[in-house]
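Everything below concerns the one structure shown next.
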Amino acid sequence: QVQLVESGGGLVQAGDSLRLSCSASGRTFSSYTMGWFRQAPRKEREFVAALSWTGSSPDYADSVKGRFTISRDNAKNTVYLQMERLKPEDTAIYYCAATTRRRPSPAQYNYWGQGTQVTVSS
């Protein structure tokens, strides 16, 4: 079992930066693929970024590529999402997720956090 708790959300202006953190419980955090997803009002939840247990080969949605960076610190059981040059369309609830799958589809994430709100004003 893994419990995930996101933090770092808030209200920022377009062009600002923000870093989200996701703290995980459990002794096997380093074996999980970690992902970030988001859900905007009246929209489906969408994939944002994912990172393997080794920290290599990050994967990004096209909409955030070049602006967002996912990273992890296995010693701290934490995964991060550094968001740069934020846009109003990045406004959403951001969720951290975990799975033991190596190259998971979004449906294969087993564990989810409660989410943290990110609001970007224009």
Say we look at segment 83-122 and pick out the residues that are more than 17 Å from E46 (Cα to Cα) and open to solvent by 50 Å² or more (accessible area, probe 1.4 Å); which of these is modelled with the lowest pLDDT? R102
With respect to D16, is the statement that it is among the acidic types (D, E) and either in a strand (DSSP E or B) or free of Cβ contacts under 8 Å to residues at least 60 places away in the same chain (or both) true? no
Condition first: more than 13 Å from Y94 (Cα to Cα), open to solvent by less than 30 Å² (accessible area, probe 1.4 Å) and among the small types (G, A, S). Now tell me which residues in segment 19-43 satisfy that. A24
Return the residues of segment 64-74 that are loosely packed, with under 15 Cβ neighbours inside 10 Å and either outside any strand (DSSP E or B) or hydroxyl-bearing (S, T, Y) (or both); say none if nothing qualifies. K65, G66
Based on this model, can you work out whether A14 counts as aliphatic (A, V, I, L, M) and in contact with a helix residue (DSSP H, G or I) (Cβ under 7 Å, 6 or more places away or on another chain)? yes
Could you tell me which residue of segment 44-57 is surrounded by the fewest Cβ atoms within 10 Å (Cβ to Cβ), considering only residues that are at pLDDT 95 or above and part of a loop (DSSP other than H, G, I, E, B)? E44
For segment 94-115, which residues satisfy the criterion of being under 19 Å from A61 (Cα atoms) and either β-branched (V, I, T) or not in a loop (DSSP other than H, G, I, E, B) (or both)? Y94, Y95, C96, A97, A98, T99, P106, A107, Q108, W112
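The values are calculated or read from the model by the stated rules, or taken from the named source; none is laboratory data. If you're wondering where the values come from, they're calculated on a predicted model, not measured in any experiment. Methodologically, a virtual Cβ is constructed for each residue, glycine included, from the backbone with ideal geometry; neighbour enumeration extends over all protein chains shown. To get the accessible areas, we keep the full protein, side chains included, count just its heavy atoms, and leave off ligands, DNA and RNA. Shrake-Rupley method; radii C 1.70, N 1.55, O 1.52, S 1.80 Å.
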